[in-house]
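The values are calculated or read from the model by the stated rules, or taken from the named source; none is laboratory data. In this text the structure is predicted, and so the values were computed from the model without any measurement. With ideal geometry, Cβ positions are generated from the backbone for all residues, glycine too; neighbour counts draw on all protein chains shown. Side chains included, ligands, DNA and RNA excluded: accessible areas come from the protein's heavy atoms. Shrake-Rupley method; radii C 1.70, N 1.55, O 1.52, S 1.80 Å.
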Amino acid sequence: MADRVTVIGWDGSPLTDAARAALAAATLVAGAAHHLALPELPPTAERVRLGSLALAARRIAAHRGTAVVLADGDPGFFGVVRTLRAPEFGLEVEVVPAVSSVAAAFARAGMPWDDAQVVVAHPRSLRRAVNVCRAHTKVAVLTSPGAGPAELGLLLEGVHRTFVICEELGTEREQVSVVTSDKAADHTWRDPNVVIVIGGPAGAQEGGGWIAGRDPGAGPRGWVQPDESYGAGPAGGLGEGENQLLRAAQLARLGPRVGDLVWDIGCGSGAFATEAARAGAAVIAVDHDPAACARTENAARRFGVQLQIVHGSAPHVLENLHEPDVVRVGGGGPAVVSAVADRRPQRIVTHAATRDVAERVGRDLTEHGYRVECALLQSVELDTLAWTETERNVAFLLSGELRRREAPR
């Protein structure tokens, strides 16, 4: 095992005295090509070009001497420190930090970032990173080859965002560009880069927030809101299957979370779509009724969440939508549920008014490889002054979970 391992963060500024001292004593130096070209490297030290971090860590673990690892930005923030400290390598490291590339990118943009989400995009995790960009108003994306600004822009089709793209931060070739997301695929971008994705009302509330990233306490308390929040009352009610207790059960079965893409088919008042978005998920709300789309847009604006609203009739309109993680089918019946099951989301939830329809939907989900659960839900609302019944709702709640989890798309 190496006698000593020092990880040095580099942000383009002159190296600190501690970093210079560690390099002067190094018998092995690992880093990217631009790190290995630094004049401070001792000429006799073994040089390791960082490609696979795991391979480099094994090589360092087997080295007899003093090792230094150079990394861009803060190596403890989505950086090499996590890999080097993994139990299988047994390395204890000292860290000389630098300004993270995310902090540098926001500094170049002149923007605060305590209210930003920060995600890492690799080809395997790109879809989830994009979903965070759909759901949140300010996101910093640490990109990688094959998961850069162009790929982000392509997967954000239909969602308008502004990209602040910071290429090769800290080097002589540093460049900052501002483009709309639909134009990002028209360019070739240099690695490494950080993309700040902005959409909607960005920025922390006046006076600043109290927690980094998304404030989990923003908005009214409760997973679901009273039906009256979405227009139910004397002047009009929610659609079939939209009452508060059924929505709560649907949310519990689907469990939407940050990084997910949720389809809400037959969004009606926008209640479920809004509440799924409040959980941090990206949501595409679909309805054939223009008035329902308008109600959903108003609900999203009222609760301060980001939704993509698609006007069209299912199942045909679903063909061009991005792949979902979980789906609520609020309208369209068995044919729409079957079309959704063909897309293989992890979970599907719907409701039926009769047992015959529930059995038909359940059989179809089972044939598609889903484990099906069905419950007959009955909710009775009472006037607590007179303790008399004011409303009764009965529905079959069906949920399907894919039996064998498929590889991420």
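Things worth noting here:
- Residue among GLY231, GLY255, GLY280 that alone is touching a residue at least 24 places away in the same chain (Cβ under 8 Å), open to solvent by less than 10 Å² (accessible area, probe 1.4 Å) and on the phi > 0 side of the Ramachandran plot: GLY280
- Every residue from region 139-148 that is open to solvent by less than 10 Å² (accessible area, probe 1.4 Å) and either farther than 13 Å from VAL194 by Cβ or of a type in the set (Val, Ile, Thr) (or both): VAL139, VAL141
- Per-region count, region 340-356, residues open to solvent by less than 30 Å² (accessible area, probe 1.4 Å) and outside any strand (DSSP E or B): 3
- Residue in region 8-24 that is open to solvent by 30 Å² or more (accessible area, probe 1.4 Å), more than 38 Å from the chain's Cα centre (by Cα) and among the small types (Gly, Ala, Ser) present: yes
- Residue-level check: of (1) modelled with pLDDT under 90; (2) of a type in the set (Asp, Glu); (3) crowded, with 17+ Cβ neighbours inside 10 Å, ASP264 misses just (1).
- Scanning region 292-310 for residues that are within 12 Å of ARG278 (Cα to Cα) and in contact with a helix residue (DSSP H, G or I) (Cβ under 7 Å, 6 or more places away or on another chain) yields a total of 6.
- Test: LEU398 is open to solvent by less than 70 Å² (accessible area, probe 1.4 Å), within 22 Å of GLU275 (Cα to Cα) and assigned to a helix (DSSP H, G or I): no
- Reported count of residues in region 64-73, each being open to solvent by 20 Å² or more (accessible area, probe 1.4 Å) and at pLDDT below 95, is 2.
- Candidate set from region 107-123 (those that are in contact with a Phe, Trp or Tyr (Cβ under 8 Å, 6 or more places away or on another chain) and part of a strand (DSSP E or B)); member that is nearest to TRP210 (Cα to Cα): VAL118
- Exactly one residue out of ARG108, ARG127 is under 30 Å from ASP325 (Cα atoms), basic (Lys, Arg) and either within 13 Å of the chain's Cα centre (by Cα) or open to solvent by 50 Å² or more (accessible area, probe 1.4 Å) (or both): that is ARG127.
- Filter pass, VAL224 being in contact with an Asp or Glu (Cβ under 9 Å, 6 or more places away or on another chain), in a strand (DSSP E or B) and more than 18 Å from TRP113 (Cβ to Cβ): no
- The set of residues in region 301-320 being open to solvent by 20 Å² or more (accessible area, probe 1.4 Å) and either part of a loop (DSSP other than H, G, I, E, B) or of a type in the set (Ser, Thr, Tyr) (or both) consists of GLY304, VAL305, GLN306, LEU307, SER313, ALA314, PRO315.
- Boolean, VAL102 is farther than 15 Å from ILE8 by Cα and among the β-branched types (Val, Ile, Thr): yes
- Number of the exception - ALA335 against (1) free of Cβ contacts under 8 Å to residues at least 60 places away in the same chain; (2) among the small types (Gly, Ala, Ser); (3) open to solvent by 30 Å² or more (accessible area, probe 1.4 Å); (4) within 20 Å of GLY158 (Cα to Cα): (4)
- Whichever residue in region 86-98 is open to solvent by 50 Å² or more (accessible area, probe 1.4 Å) and at pLDDT 95 or above and, among such residues, is nearest to GLU174 (Cα to Cα): VAL95
- In region 74-85, residue most open to solvent (accessible area, probe 1.4 Å) [restricted to those that are among the β-branched types (Val, Ile, Thr) and touching a helix residue (DSSP H, G or I) at 6+ places or on another chain (Cβ under 8 Å)]: THR83
- Single residue of region 283-300 satisfying the filter (of a type in the set (D, E, K, R) and either open to solvent by 50 Å² or more (accessible area, probe 1.4 Å) or more than 19 Å from GLY333 (Cβ to Cβ) (or both)) that is farthest from the chain's Cα centre (by Cα): ASP289
- ALA33 open to solvent by 20 Å² or more (accessible area, probe 1.4 Å), at pLDDT below 95 and touching a strand residue (DSSP E or B) at 6+ places or on another chain (Cβ under 8 Å): yes
- Listed here are the strands (runs of 3 or more DSSP E) enclosed by region 149-198 that have at least 3 residues being open to solvent by less than 20 Å² (accessible area, probe 1.4 Å) and without any contact (Cβ under 8 Å) to a residue 60 or more places away in the chain: 162-167.
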